[in-house]
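Trainee: Structure incoming, see below.
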Amino acid sequence: MILFTKMQGCGNDYVYINNDIERIKDMSEFTRKISNRNFGIGSDGCIFIFKDDNADVAFRIFNPDGSEAAMCGNGIRCVAKYVYEKDIVKKKRMKINTKSGIKNVEVYVEKDIVKNVKVNMGVPIFDTKMLEINYPKDVLINEPFEILDKRLYLTCLSVGNIHTVVFVDNVDNIDIEKYGRVIENLEIFKDRTNVEFVQILDRENIKVRVWERGVGETLACGTGATAAVIAGFLNGVNENICKVQLKGGELEIVYNEMTSELSMIGTAEFVYEGRLYTK
């Protein structure tokens, strides 16, 4: 029997496991089984939380296909709420270790309940070699690609995970599965890419639909929302502080021009807890 907690951030839902207690060894296979929405718990993946010598806590995140991601913006907010409200890390400012490095996180608390979480997402990476993109230029910003029957302009960067941002006139009219899947699997990417289709509402508000590698379309992606804002800022279409509308909710993203650091502010919610019976 395994104890689990279901949480969501902007509709991006994961199963959370305290792996200091449950000690699941094959996290990839476990995630493939429990993420299935018909035969498992159902989720966008699984996040395993454990103690860390270099930070207050650490986590690893796996997609429904068993692949491991380096970072999750919505997930890290939920981890902060989880460890604070379960008295694992009773700090309003904490350090959380991820595969993309240690992130500084601040929780905003009312009556001992975490209402909002601010995450320092770090400095974006654009260098194609560091991103392991097979491309002749040092950066890939607003470059034209023929994707099926459309010419789309792609901007690639990492804010913990690799993302490809595509600006479109109306995100509701795009066939996200058709074009997202093709972009995800372009041969230039060593290990595929996440894809964000972005509509500019005005210079301080954007609308985003997310295609996550190894998952498909999801209601939200924190690192994707962050990538969309900095891509838009570099392309001159939005400001450095933006509200991001996603299918599952809203995030605020701030790009500090002085330090080049990005921060994300949003909610995190418990959904339910339960016991998983294993054979």
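Trainee: Could you point to the label whose value was computed as Cα extents along the principal axes in Å for the structure here, given (1) 60, 49, 33; (2) 66, 45, 43; (3) 51, 42, 33?
Mentor: This structure yields the entry labelled (3).
Trainee: Between the helical axis of 222-234 and the dominant principal axis of the chain, each derived from Cα atoms, what acute angle in degrees is found, rounded to the nearest 10?
Mentor: So the helix axis and the longest Cα principal axis differ by about 30 degrees.
Trainee: In degrees between 0 and 90, to the nearest 10, how far off the longest principal axis of the chain does helix 73-85 point, with axes built from Cα atoms?
Mentor: The helix 73-85 is inclined about 20 degrees to the chain.
Trainee: Another question, then. When Tyr84, Tyr135, Tyr272 are ordered from fewest to most other Cβ atoms inside 10 Å of their Cβ, what list results? Spell out each step's value before the answer.
Mentor: Working: Tyr84 23, Tyr135 15, Tyr272 9.
With the sparsest Cβ surroundings first, the list reads Tyr272, Tyr135, Tyr84.
Trainee: For every helix of n ≥ 4 consecutive DSSP H residues, a contribution of -39,500 (n - 2.57) applies; sum these over the chain, divide by its total residues, and give [θ] at 222 nm rounded to the nearest 500 deg cm²/dmol.
Mentor: Values: 5 runs with 47 residues, N = 279.
Taken over the chain, the calculation gives -5000 deg cm²/dmol.
Trainee: Can you tell me the FRET efficiency between Asn116 and Glu146 if r is taken as the Cβ-Cβ distance and R0 is 45 Å, rounded to the nearest 0.05? Present the calculation step by step, with values, prior to reporting the outcome.
Mentor: Values: r = 42 Å, r/R0 = 0.93.
After rounding to 0.05, the efficiency reads 0.60.
Trainee: Among the aspartates and glutamates, select those whose C-alpha is under 16 Å from the C-alpha of Lys103, and discard any that sit fewer than 8 residues away in the same chain.
Mentor: Asp52, Asp53, Asp56, Glu261
Trainee: While we're on this one: For a footprinting-style exposure proxy, rank Lys115, Lys243 by other Cβ within 10 Å, fewest first. Write out the running numbers ahead of the final one.
Mentor: Details: Lys115 12, Lys243 16.
Starting with the residue having the fewest Cβ neighbours, the order is Lys115, Lys243.
Trainee: Highest mean first, how do 158-171, 22-35 rank when packing is the count of other Cβ atoms within 10 Å averaged over residues? Let's see the in-between values first.
Mentor: Values: 158-171: 22.1, 22-35: 16.8.
Going from most to least packed, we get 158-171, 22-35.
Trainee: Hey, quick one: spin label on Asn185, modelled 7 Å out along Cα-Cβ, who in segment 28-45 has an amide N within reach, i.e. under 12 Å?
Mentor: No residue qualifies, since no backbone N sits under 12 Å from the label point.
Only the coordinates and a few stated rules stand behind these numbers; no lab work does. Predicted model, so just to flag it, every value in this text is computed and none were measured. Quick reminder, even Gly has a Cβ in these numbers, built from the backbone with ideal geometry, and neighbours come from all protein chains shown.
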